[in-house]
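Peer 1: Have a look at this one.
The values are calculated or read from the model by the stated rules, or taken from the named source; none is laboratory data. Treat the numbers as computed from the prediction; the structure is a model and nothing was measured. Neighbour counts run over all protein chains shown; Cβ positions are idealised from the backbone, glycine included. The area values use the complete protein model at the heavy-atom level, side chains included, leaving out ligands, DNA and RNA. Shrake-Rupley method; radii C 1.70, N 1.55, O 1.52, S 1.80 Å.
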Amino acid sequence: LPRPPSAGLPLIGDTLASLDDALAVRNGRHAQLGPIFTARFMGRRYTSVRGAGLVKKLLQAEHVTVETAWPPRVAELLGPASISTTHFAAHTALRRALAPAFGPAAVAGYVGLMQEVCEEHAAAWAAAGPGLGGAVANKAFTLSIILHVMGFSGGAAWDGPAAKARVNDLFADW
């Protein structure tokens with residue numbers, strides 16, 4: 001793959017230039033080197049690909065021509081059995097099982113529910129004032145969306161703030 005001429009210090013490559021305008025740096029590299037090139041960012045080598053045809057070609061060549069991997073911390077968060085980290089038959093089985101939940105009709109049905117949850121959490125964040133932990137609030141919001149979309153939004157197991165807090169603590173620990 002084409003490698004850009006020296007850009008900055010060894011190992012960090014485009015890191016410093018990208019801090020100001022990463023998109024401009026990448027667009028410049030594509031203009032200079034074409035639709036596919038390798039470079040360095042924050043000490044790590046990366047490959048940049050532009051164009052639907054090339055991306056499709058790469059995705060279809062997974063485990064033949066190319067290997068993809070999540071950064072270690074992201075892979076740890078996703079877990080070994082998530083749709084994003086599984087391969088081959090296990091990945092296909094997960095996609096088939098989840099497809100009905102992500103089809104256009106299903107997603108259209110979630111919009112109103114997700115809006116309600118967003119408004120509820122936005123009101124809680126606004127009422128909490130400054131100092132609210134962003135990561136904790138985002139985890140609670142994400143869990144709430146997941147549970148509401150999956151249908152666990154009511155009933156005794158999810159009734160009241162104490163039950164929500166217990167479930168949120170379990171989710172945060174995971």
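Peer 1: Averaged per residue, what accessible surface does the chain expose to a 1.4 Å probe, in Å²?
Peer 2: 71
Peer 1: While we're looking at this one, here's another question. Round to a whole number: what % of the accessible area of segment 32-161 belongs to carbon and sulfur, probe 1.4 Å?
Peer 2: About 67 percent, which is the carbon plus sulfur part of the accessible surface.
Peer 1: Additional query: Please state, as a whole number in µm²/s, the translational diffusion coefficient that the Stokes-Einstein equation yields for segment 97-136 at 10 °C and 1.306 mPa s, with Rh defined as the Kirkwood radius across alpha carbon pairs.
Peer 2: So the translational diffusion coefficient is about 130 µm²/s.
Peer 1: Can you compute 3J(HN,Hα) from phi for each residue in segment 99-112, using the Karplus curve 6.51 cos²θ - 1.76 cosθ + 1.60 with θ = phi - 60°, rounded to whole Hz and x for Gly and Pro?
Peer 2: Calculated HN-Hα couplings, in order: 3, x, 6, 10, x, x, 5, 5, 5, 4, x, 7, 4, x Hz.
Peer 1: Could you work out how far apart the two model spin labels at Ala24 and Lys139 are, taking each label as a point 7 Å from the Cα in the direction of the beta carbon, and quote it in nm?
Peer 2: The answer from the label model is 3.8 nm.
Peer 1: More than 23 Å apart: what percent of Cα pairs in segment 12-127 qualify?
Peer 2: 58
Peer 1: Would you check the accessible area of Glu116, probe 1.4 Å, heavy atoms only, in square angstrom rounded to 10?
Peer 2: Rounded to the nearest 10, the figure is 120 Å².
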